[in-house]
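Report on the following structure.
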Amino acid sequence: MGRIYNFSAGPATLPEAVLQEAAEEMLDYRGTGMSVMEMSHRSKAYETIHNEAIADLRELMNIPDNYKVLFLQGGASTQFAMIPMNLMKNRVADYIITGQWAKKAYKEAQLYGKANAIASSEDKMFTYIPDCSDLPISPDADYVYICQNNTVFGTKFHTLPNTKGKLLVADVSSCFLSEPIDVTKYGIVYGGVQKNVGPAGTVIVIIREDLITDDVLPGTPTMLRYKTHADSNSLYNTPPTYGIYICGKVFKWLKQRGGLTAMRDYNEKKAAILYDYLDHSQMFKGTVEKKDRSLMNVPFVTGNPDLDAKFIQEAKERGLENLKGYRTVGGMRASIYNAMPMDGVIALVEFMREFERRNG
Ligand SMILES: *Cc1c(COP(=O)(O)O)cnc(C)c1O
């Protein structure tokens, strides 16, 4: 049995070359006689893995010197609390609600201060990105928060909001490293790596240095202070070593492929194959506004839940797996992250065409 095309939203498909290399190094990592997961996080071999991963990420994303890269734990969801605990000096923050992940972050921030929902697309089931060119930003807001790519609903901010000078904080979990971004536009950019970068359990935080202070909300635990991790190069306690090792391999894979500009071109071509088909199909329809479409998560429906179920089942029999939409949304969703090859998307569209012919 070979590998299937895995369209899961996360944990998601990883580059086969990376998995193969990790397999080869599993029992004896480069002559150390042990696996990376058995290795001290203070060892020379691990230190090299750790620092190369940071350096490669800095190079890939062109991260300026006044930003730190942190490898943390607790998934993206722990950041929902860590961000207000560390940044909410005035106990006010503005949230743009474009999906369930943004909403969860907004609700969590309410535990620490006044979180304002200054824009939302919930009125139309999160199928678009609201106009964010002139929002009622709170004068005393400590930051403005967005989820840049909405994994569940398949929308994406193609233009960043006008924060009127306030700090921008962005969850980029499901579009991490899918295209170049200008890091200087953000105070914090963060993402759980299990969508587009590596195994679950590691979260990467890129944070501007002046935001790393001891001036945090009273009672903030040591482990939830950015300063704790920044001061120790993410080695305050045992970091998720194996996860960081795999992320490091993915960074090298991305560099070999020409970096993030090349990835964006590839991702745009891949997504266009699927969207073009959806725009012409009589049976399958995309569910979000065209101008706000994600390059990574593509939801679609037939309009008939029984036909959706039949499609998902038959696709699975063809080796096209995990196409079921999010549990609260239904329909289908194809996640086509960096590691999904063009051939996977072509195979999906060919099957959709055939399914439509048979059932139309
Ligand atoms: C998956 C996801 C999360 C939650 O990640 P965990 O690591 O499970 O906490 C948060 N934000 C976005 C955009 C996601 O896609």
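Taking amide hydrogens as placed 1.01 Å from N in the peptide plane, the amide H of ALA334 sits under 5 Å from those of VAL298, PHE300, each at least 5 positions away in sequence or on another chain. Between region 214-285 and region 133-186, what is the C-alpha centre distance in whole Å? About 15 Å separates the Cα centre of region 214-285 from the one of region 133-186. Less than 5 angstrom separates the built amide H of THR220 from none of the residues sequence-distant by 5 or more or on a different chain. Judged by the gyration tensor of its Cα atoms, with axes a ≥ b ≥ c, region 17-256 is prolate; a/c meets the 1.5 cut and a/b is the larger of a/b and b/c.
Per residue, the accessible area of the chain comes to 43 Å² when a 1.4 Å probe rolls over the protein heavy atoms.
In sequence order, region 114-125 has phi-based couplings of 8, 9, 9, 8, 8, 7, 7, 10, 5, 4, 10, 6 Hz under the Karplus curve 6.51 cos²θ - 1.76 cosθ + 1.60, θ = phi - 60°, and Gly or Pro positions carry x.
Most tightly packed first, judged by the mean number of other beta-carbon atoms within 10 Å of their residues, the peptides 19-29, 184-194, 69-79, 339-349 read 184-194, 69-79, 339-349, 19-29. How big is the gap, in Å, between the Cα center of region 299-319 and the Cα center of region 198-213? Each part's Cα centre sits 37 Å from the other's. When a 1.4 Å probe is rolled over the protein heavy atoms, the share of accessible surface on region 202-360 that falls to carbon and sulfur comes to 50 percent. Dipole check for the chain: with +1 at the C-beta of Lys and Arg, -1 at the C-beta of Asp and Glu, and the Cα centre as origin, the magnitude is about 420 Debye.
Given region 221-360, what whole percent of its Cα pairs are spread farther than 18 Å? The calculated P(r) of region 221-360 puts 64 percent of pairs beyond 18 Å.
Under the membrane-span-like helix rule (DSSP H runs whose alpha carbons stretch at least 27 Å along the helix axis, mean Kyte-Doolittle hydropathy -1.0 or higher), the chain yields 259-280. The simple Förster model, with R0 at 45 Å and r as the Cβ-Cβ distance, assigns ASN90 and GLN256 a FRET efficiency of 0.50.
The values are calculated or read from the model by the stated rules, or taken from the named source; none is laboratory data. Note that the structure is predicted; figures quoted are calculated from it, not measured. A quick note on method: Cβ atoms are made from the backbone with ideal geometry, for glycine too, and the neighbour counts reach across all protein chains shown. Ligands, DNA and RNA are stripped out before the accessible areas are found, and what is left, the full protein with its side chains, is counted by its heavy atoms. Shrake-Rupley method; radii C 1.70, N 1.55, O 1.52, S 1.80 Å.
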